[in-house]
Each structure stands twice: as structure tokens, then as C-alpha cells.
Amino acid sequence: MTDIRGWLRLEEEARKIRRSEADWKFIEEQPARVKAALKYYVETGDLYVASRIAGLTVEGFNNLRKRAKIPNVI
Amino acid sequence: MSFAIADTCFLIDWSSWRRRNLLFRLFTTVFVPETVLREVESEDVVEWIAGSLASGNLSLFTETPDILGEARHLVERTRLIPRVRGVDIPEAVCLVAGRRRGYTVLTENRGALMAASLLEEYRGVKVWRALEIIYELLRRRLIPAESPAAVFKEYEKETGHIFPKGDLENAVRRL
């Protein structure tokens, strides 16, 4: 079983991968809401909240995440 | 007979994989909460879900007020643990159903994994990611594969989902 420290380490590793692989040019070109949502996703990996920020369904946001080349790491 | 309940982030990735129907070799029925169903929109995913509902492999899970109440309480509890990823309502509903009904929870949400690991009353809930499902399919030889690593790679390529390196290496080694 993973303890809190273990989970936090995994979260940090995943965050680094999302930051390094994201297409930042694509992200910066998006409208304000979508851009904020993509940046939120890079930092947290939380698809549901990111989709609410963008005003999209979870699947709609997930398709956008793929276009922004942000990996879903879990 | 075994039941599972799937959340959105699992379903939308899983449904992009060519071997998606193998899920139903592991579970008699996979429940899809209404809150999850509302979050899918693309033709391919909606058609796969509708077809699987029609064949009885998937089944609609309607949230009752008491399940939603416990799910909301779970959301709040996870937000009380500093720096730990919280769960949101859709995956909280799955965890509550998992706890109450003994369903395996299918998710790609780390918050759900954390909750099942850190909160005592949810520790008995079995939470599987695609990684565990593919591992089980390979272990039971439901996927004929000379190279297990190639199957995981195929999933990553077709869904855009990346497995954590350590977990992936561990799964391949155990096979």
C-alpha cells in the first residue's frame, strides 16, 4: 500500500512528465478559458475539474488534452 | 460472476483500444453511472457504449440520493487532506458503489486510487486502472501475446495513455 509520501512523489513525477511533453505553443494559442483549463490539467492531472473550467464534457476536454500533447500519466 | 463500475476517464481511453471488448471477458457486467454517461460525446465512444448497453455487457447505474450523499461526503473528505489529489463526484460515485456493492472500480483517476489507499472505509474497494485490466487479460491468456510489453505499448499508442514506468515494469516482470 502506498502512503501519502509515496502518492505525492508519484504526483510530482507525473506533473514533470506533463510539463515537459505538453505542446506549450498550442496551449498559449487557445482562448482564455481553454488555455487556463489546459494549464490547470498540466499542474494537477484532474480531467474532470479541467473540463469544467473549459466548459466542455470530460471527453471533449480529453480530446483537447491529446491535441495539446499532454499525456495522461497514471 | 463479477461486476465492475467505470468512470469517465477510464471509459474514454479504454474505448479507443482495438481490444476494448475483452473487458467483458473479465466482468459479467460493467455499470456506467448516469453522471459518467453525460460526459461522453464522440460518435465512436457513444456507439460503443450504446452497443454494449444493448448487448447487456454494460448497464446503466442510476445514482440514488443516498449514494450521491455519501459521494459528496467522500469528495469533501479527500479535500481535507493537504496536497493530496481529491476526488470529484463521478469517481466518488464509483467508489461508493464499489464499497457498498462490491464492484471493482475502473478508473484512471489518481484521486480515486489515493482515496482507496488512504481512507480506511474504502481500503477494501478494488480499484483497477487499464494497467491492472491488461495485466489480468494477459495473465489469464485472454490476449495471445508473445511480448506482454508490446500489448501495453499498443494500448499507450492507441489511447494516448502513459503508464507509470515503475508500475509498467513491475507488471511485465510479474507476467
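The values are calculated or read from the model by the stated rules, or taken from the named source; none is laboratory data. Worth saying up front: this structure is predicted, and the values here are computed from it rather than measured. Backbone-built Cβ (ideal geometry, glycine too); neighbour counts: all protein chains shown.
Numbers for the structure displayed
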item: Flag if residue B:146 is part of a loop (DSSP other than H, G, I, E, B) and out of contact with any Cys (no Cβ under 8 Å at 6 or more places or on another chain); result: yes
item: Qualifying residue in the range B:140-157 (condition: touching a Phe, Trp or Tyr at 6+ places or on another chain (Cβ under 6 Å), within 25 Å of residue B:3 (Cβ to Cβ) and buried (at least 19 other Cβ atoms within 10 Å of the Cβ)); result: yes
item: Single match in B:33, B:90 (criterion: touching a residue at least 12 places away in the same chain (Cβ under 8 Å), touching a Cys at 6+ places or on another chain (Cβ under 7 Å) and not hydroxyl-bearing (Ser, Thr, Tyr)); result: B:33
item: Selection count, the range A:1-23, where residues are out of contact with any helix residue (DSSP H, G or I) (no Cβ under 6 Å at 6 or more places or on another chain), over 20 Å from residue B:82 (Cβ atoms) and not in a helix (DSSP H, G or I); result: 1
item: Residue ranges of helices (runs of 4 or more DSSP H) in the range A:24-74 with at least 3 members facing chain B (nearest Cβ under 7 Å); result: A:47-54, A:58-67
item: Conditions (1) out of contact with any strand residue (DSSP E or B) (no Cβ under 9 Å at 6 or more places or on another chain); (2) at pLDDT 90 or above; number of the one not met by residue B:129; result: (1)
item: Residue satisfying condition, being out of contact with any helix residue (DSSP H, G or I) (no Cβ under 8 Å at 6 or more places or on another chain) and of a type in the set (S, T, N, Q), within set B:42, B:55, B:59; result: B:55
